[in-house]
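So the structure is just underneath, and the comments pick up after that.
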Amino acid sequence: MTRALFFAMALALAASAGAQQYRWVDEDGHVRYGDVPPPGVKATPLKPPPGPAAPPASAKGAAKPLTPAEQEAAFRKRQIDAQKAQEKSDKADQDRQAKSDNCARAQEVLRSLDLGRVSRVDAKGERYYLDDTQIAAERAKANDSASKNCN
């Protein structure tokens, strides 16, 4: 019942939208517009409003409108591409952060090696001191790491 009433109202509105419109001047000299002029006045019919614009003539090789399935596929492809770009950006950010951390560690090792006596703790938990050759080897490793990560 509700659907039928809604359909009837929509049909009536559509019919009135397409009705002829008139222009006339009333007894007081005011210009009036409407779809039914009063009897005894000189009413001028108005041109109907222009219809929807015609689609432009398609040029040779122009793209045809996409079907809903094609639109959905294009949307999904854009989502996947955006996700891949975001993952690539995140990975680049992680790599930059790791490189920065490695640089900071290498510089800290170099500073500690420059202090003089360097000690380490062995597997038994006992402290031992590095000799000059071991310090030189550690310094070479730290310099190599710093040159790779600190640019």
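The values are calculated or read from the model by the stated rules, or taken from the named source; none is laboratory data. This is a predicted model, so every value here is computed, not measured. Neighbour counts are summed over all protein chains in view; Cβ atoms, including those assigned to glycine, are modelled from backbone coordinates with ideal geometry.
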Any hit, segment 52-63, residues being small (Gly, Ala, Ser), part of a helix (DSSP H, G or I) and surrounded by 10 or more Cβ atoms within 10 Å (Cβ to Cβ): no
query: Tell me, which residue of segment 110-137 that is among the small types (Gly, Ala, Ser) and at pLDDT 85 or above is nearest to the chain's Cα centre (by Cα)?
result: SER112
message: Every residue in segment 1-34 that is within 20 Å of PRO50 (Cβ to Cβ), modelled with pLDDT of 65 or more and in a loop (DSSP other than H, G, I, E, B), please.
response: ALA19, GLN20, GLN21
- line: Pairs returned, first residue in segment 30-44 that is within 11 Å of GLN20 (Cβ to Cβ) and among the acidic types (Asp, Glu), second residue that is at pLDDT 85 or above and not in a loop (DSSP other than H, G, I, E, B), beta-carbon separation under 8 angstrom, 6 or more apart or interchain, are ASP35/TYR22
- request: Could you please let me know if ALA69 is surrounded by 10 or more Cβ atoms within 10 Å (Cβ to Cβ), part of a helix (DSSP H, G or I) and without any contact (Cβ under 8 Å) to a residue 24 or more places away in the chain?
  value: no
query: Just checking, which of GLY116, GLY125 is closer than 24 Å to ASP144 by Cα, of a type outside the set (Phe, Trp, Tyr) and in a loop (DSSP other than H, G, I, E, B)?
result: GLY116
message: Within segment 87-96, does at least one residue satisfy the condition of being surrounded by 10 or more Cβ atoms within 10 Å (Cβ to Cβ), part of a helix (DSSP H, G or I) and in contact (Cβ under 8 Å) with a residue 24 or more places away in the chain?
response: no
